[in-house]
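Engineer: Handing you a structure now.
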Amino acid sequence: MRFAAMTFSFGPGSLDSTCRAIAAQGFDCIDLAVGSRHQVDALGAAQDPLVQAEQVLDTVRQYGLDISEVFLLNFGTPINHPDPATRETGRMPFAGFAQFCREIGAESIMMSPGVLFDDIGEAASRRLAVHELCWQRGICAANGLQLNIEPHWHSLAESPAAAIWFCEQVRGLGLTLDYSHFIAQGYPQDAVEALHPYTRHLHARQAREGATNVALPDGTIDFERILGRLSRDRWDGVVCLEYNPSLIDHAPREIVLLRQELTGYLRPSSGAGAASGGLTRDQRWGRIVFDPTQCRACKLCETVCAIAHEGAARPALARINIDFDAFAATDPISGTVCAQCADARCLAACPVGAMSRDERTGAVVVDSTLCVGCMACRRACPWAVPKKHPELGIAIKCDLCGDREGGPVCVEMCPLSGRALRYARGSVAEQEAA
């Protein structure tokens, strides 16, 4: 099971800025939304598939991203429009578009199953939809692609039973399942689970009755149960995290929070980390530990940190800070050092996705090209660790010197290294318990 991020969830910017933001959050896979409101125009991709595909690949490869599914729905009108000429207009670009999807290495195309047209009735609306989907399925098969539909509210497949009916009518058709469309209508979760055998791709976001996009604490979807049952069934598809930024504030932040929750549900309870000397990922991650009782407040750590990161011996630019209060009766020395929290509130609070986790070191790092200097990270941190760069106006914090072979320079250069400053592996809870 693999996680992907939906491109439209990260705002209306360029494909380059969107991919950069997604990669900064540690994703290596995307679902690519196409259409007139998105970064890639569907008709343009259909008319010139090879050139458009090359441009998309140049961007996504730059950030080490794969493309799982292409989110299309239709070419501007429902696929089952009663007017034959309108249907033909919507059908004409599909072959070229499928070639584009093949060239960018996508696994599947996601379509809408069509809508109810009252003037011809439900039965005829369904027949037209099935006819078009059968034709699209053939084009996809010829290009090595899976064709999926998303059962969604106000479509011909807005109930679990209707979604199953479509899969039984169109041989090889799969589902891109989004629980939110059913939960918002009031369906119980166990009714939606009947769609798992037909599910080829999964969209994940929290929802509740009456709303398809809600913040994590406000939702009612039990993702632990969903992922548990899919894992039990050895489902090996892609889970795409998708929020609609027009329906919820801070969609990138919600995606980060949801991924943290889903990752926890997939983490094995035992036997993990065999390839890393028996250590789990959290045990391999580390942080800098400061002992004020051993520190002599020489502030060499601040100086070398500033030099390493900024090329200048200015403590204001350091990612670690030591304070000495000559008038304090007790504990005159204190330090501000990032704990690299496992459940980092700063990471989740960033509204633009500028903070991410370095999967190798465990450090929470700031992407200076994305940060807008709002300092929501500092307000979210229990110790107010992130600080604003005095010239650049962006957030800066400890990155554990991730690009330095010797590890954190402050620890190495501290005259009392191993006592006043030391590098410890494992989560904060594990270190404090020790």
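Readers should treat all values here as calculations from the given coordinates under stated rules, not as data from a laboratory. As the structure is a prediction and not an experimental result, all values here were calculated from the model. As a convention, Cβ positions derive from the backbone with ideal geometry for all residues, glycine included, and neighbour counts pool all protein chains shown.
Engineer: What is the gain in length, in nm to one decimal, between Arg404 and Asp41 on full extension, counting 0.36 nm per residue of separation less the C-alpha to C-alpha distance? Can you show the working numbers first?
Structural biologist: Values: separation 363, 0.36 × 363 = 130.68 nm, distance 4.19 nm.
This chain segment gains 126.5 nm when fully extended.
Engineer: The stretch 352-433: which trypsin sites (Lys or Arg not before Pro) are DSSP loop and have at most 14 other beta-carbon atoms within 10 angstrom?
Structural biologist: Hits after loop and neighbour filter: Arg360, Arg404, Arg419.
Engineer: Same structure again: In whole angstrom, note down how far apart the Cα centers of the stretch 94-130 and the stretch 308-377 are.
Structural biologist: If you average the Cα positions of each part, the centres end up 49 Å apart.
Engineer: Still on this model: Report, in debye and to the nearest 20, how large the dipole of the stretch 2-266 comes out about its Cα centre when Lys and Arg carry +1 and Asp and Glu carry -1 on their Cβ.
Structural biologist: Roughly 380 debye, rounded to the nearest 20.
Engineer: Give me the distance in nm between label points sitting 7 Å out from Cα along the Cα-to-Cβ direction at Trp165 and Ala85, one decimal.
Structural biologist: 3.1 nm
Engineer: Calculate the translational D of the stretch 114-170 in whole µm² s⁻¹ from Stokes-Einstein, where the hydrodynamic radius comes from the Kirkwood formula applied to all Cα pairs, the temperature is 10 °C and the viscosity 1.306 mPa s.
Structural biologist: 134 µm²/s
Engineer: Also, I was wondering about something else. Give the percent of DSSP beta bridges with both residues in the stretch 281-433 that are antiparallel, rounded to the nearest 5.
Structural biologist: 95 percent
Engineer: What span do the alpha-carbon atoms of the stretch 143-256 cover on each of the three principal axes, reported in whole Å from largest to smallest?
Structural biologist: Principal-axis extents of the stretch 143-256 (Cα, largest first): 39, 29, 27 Å.
Engineer: Would you mind calculating the gained length between Ala326 and Thr293 on full extension (0.36 nm times residue separation, minus the Cα-Cα distance), in nm to one decimal?
Structural biologist: 10.4 nm is the gain from fully extending Ala326 to Thr293.
Engineer: For the chain, what is the percent of antiparallel DSSP beta bridges, rounded to the nearest 5?
Structural biologist: Around 35 percent antiparallel, to the nearest 5.
Engineer: In terms of the ratio Rg/(2.2 N^0.38 Å) built on C-alpha atoms, what value belongs to the stretch 281-433? Could the numbers behind the result be given before it?
Structural biologist: Values: Rg = 14.9 Å, N = 153, 2.2 N^0.38 = 14.9 Å.
Cα-based Rg divided by the globular estimate yields 1.00.
Engineer: In nanometres, what is the gap between the two model label sites at Tyr265 and Glu391, each 7 Å from Cα along Cα-to-Cβ?
Structural biologist: In this crude spin-label approximation the distance works out to 4.7 nm.
Engineer: So, one more: May I ask you to work out the translational diffusion coefficient for the chain at 37 °C, viscosity 0.692 mPa s, via Stokes-Einstein with Rh from the Kirkwood sum over Cα pairs, reported in whole µm²/s?
Structural biologist: Estimated diffusion coefficient is 137 µm²/s.
Engineer: If you don't mind, there's one more thing I want to ask. Once phi is turned into θ = phi - 60°, what whole-Hz ³J(HN,Hα) does the Karplus curve with 6.51, -1.76 and 1.60 give for every residue of the stretch 95-102, x standing for Gly and Pro?
Structural biologist: For the stretch 95-102, the Karplus curve yields 4, x, 5, 4, 5, 4, 5, 5 Hz.
Engineer: For the stretch 380-393, take each phi angle, set θ = phi - 60°, evaluate the Karplus expression 6.51 cos²θ - 1.76 cosθ + 1.60, and give the result in whole Hz per residue in order, putting x for glycine and proline.
Structural biologist: These are the phi-based 3J(HN,Hα) values: 7, 6, x, 10, 6, 6, x, 10, 8, 4, x, 9, 7, x Hz.
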